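A short reminder: the numbers here are calculations on the coordinates, not readings from a lab. It should be emphasised that the depicted structure is a prediction, and the values quoted were computed from it without experimental measurement. Backbone-built Cβ (ideal geometry, glycine too); neighbour counts: all protein chains shown.
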Amino acid sequence: MKLLSRIRTLARVKALPEGNLPEVAQVVAIIMDGNGRWARRRGLPVAAGHRAGTKALRRTVEAAIDVGIQHIVVYAFSTENWSRPQDEVDALMDIFGETIERELPDLAEQGVRVRFIGRRDRAPESLRARMESMEDRTALNSRLGLWIAFDYGGRAELVEATRRIAESGLEPSEIDENVLAAHLYAPELPDPDLLIRTSGELRVSNFLLWQLAYAELVFVDTLWPDFGEEALKKALSEYATRRRRFGGR
Ligand code: IPE
Ligand code: IPE
Ligand code: MG
């Protein structure tokens, strides 16, 4: 069965018209969803799902390096996730801090450059310090860009960008797409080629609203803690069958 579906995929790739055929996606965004359901199915506390999720991130980053992806952008905590029960939010803040501490040396060693996008002012002080040290200590790396969206919301990002443009004193006629893009959290983050969302949910949930304009969307049923090399490669081969048009012919 598996072989048959691979042959079908290959046949589909061959049958596609020339031109605009994507190779390996260079910039991959991931909505890492399903930690809660993963834990519930095992009768475990939700924090166990979030912990297992950090292992999946590690596996995915390593696989991304192997396949030659340039940047991955992962949704770790949304502006809306503060509305979760306080004990879950507290556990998540602890897990983020522990994960940075545990993974930092290895990621730095492997040439990963880590940057955070989102608000910084609401994170616990100790976590904020760890985020900054992770960014500083990996600043000269260039093998893979890992962008972690924390306290991130696409709408909040656009509101902040608009506010900064208003403060800059630019004339309305001077404001164009380049100006707006230059005022986002990380203007140097390239637009994603591919968005993967795990856990079977079919929505964007306020992630990268501006940057996803022409991303290819791949939704997979795998829960995030079960994600890894195989699931990433499957999503990439789905991407490879797509023909991107960007509104043209
Ligand atoms: C994603 O997993 C992680 C965060 C939002 C922080 P969830 O916790 O949303 O998992 P489900 O959707 O409840 O299964
Ligand atoms: C999106 O997942 C946020 C992250 C993965 C960090 P949610 O679980 O918060 O999204 P909804 O509530 O299902 O839309
Ligand atoms: Mg969820």
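The 3J(HN,Hα) values that the Karplus relation (6.51, -1.76, 1.60; θ = phi - 60°) gives for segment 207-221 are, in residue order, 9, 6, 4, 6, 6, 8, 2, 10, 5, 7, 9, 10, 10, 10, 7 Hz. Gly and Pro appear as x.
A simple spin-label model places the labels of D66 and E188 2.9 nm from each other, with each point 7 Å out along Cα-to-Cβ. In a fully extended conformation the segment linking S205 and R244 would gain 11.7 nm over its present Cα-Cα distance, using 0.36 nm per residue. Of G43, G200, G118, the residue with the greatest mean-square motion in the GNM of the chain, using alpha carbon springs below 10 Å, is G43. Note on the chain: helix-only mean residue ellipticity at 222 nm, from DSSP H runs of 4+ residues weighted -39500 (n - 2.57) and normalised by residue number, equals -14500 deg cm²/dmol. A cut-off of 5 Å between modelled amide H atoms, ignoring neighbours fewer than 5 places along the same chain, links V114 with T138, L146.
Charged side chains reduced to their Cβ positions (Lys and Arg at +1, Asp and Glu at -1) give segment 17-122 a dipole of some 360 debye around its Cα centre. Residues with beta-carbon under 14 Å from that of N206, excluding N206: net charge, scoring Lys, Arg +1 and Asp, Glu -1? Local charge sum for N206: -2. Working from label points 7 Å from Cα in the Cα-to-Cβ sense, the N178 to K234 distance is 4.3 nm. Applying 1/(1 + (r/R0)^6) with R0 = 25 Å to the Cβ-Cβ distance of V159 and E101, what FRET efficiency is obtained, to the nearest 0.05? That gives a FRET efficiency of 0.20. Sorted on the mean count of surrounding Cβ atoms within 10 Å across their residues, most packed first, peptides 75-82, 95-102 read 75-82, 95-102. Given +1 at the Cβ of Lys and Arg, -1 at the Cβ of Asp and Glu and no other charges, the dipole of segment 131-248 around its Cα centre is 500 debye to the nearest 20. A full extension of the chain between R119 and S133 corresponds to an added length of 3.4 nm, given 0.36 nm per residue minus the alpha carbon distance.
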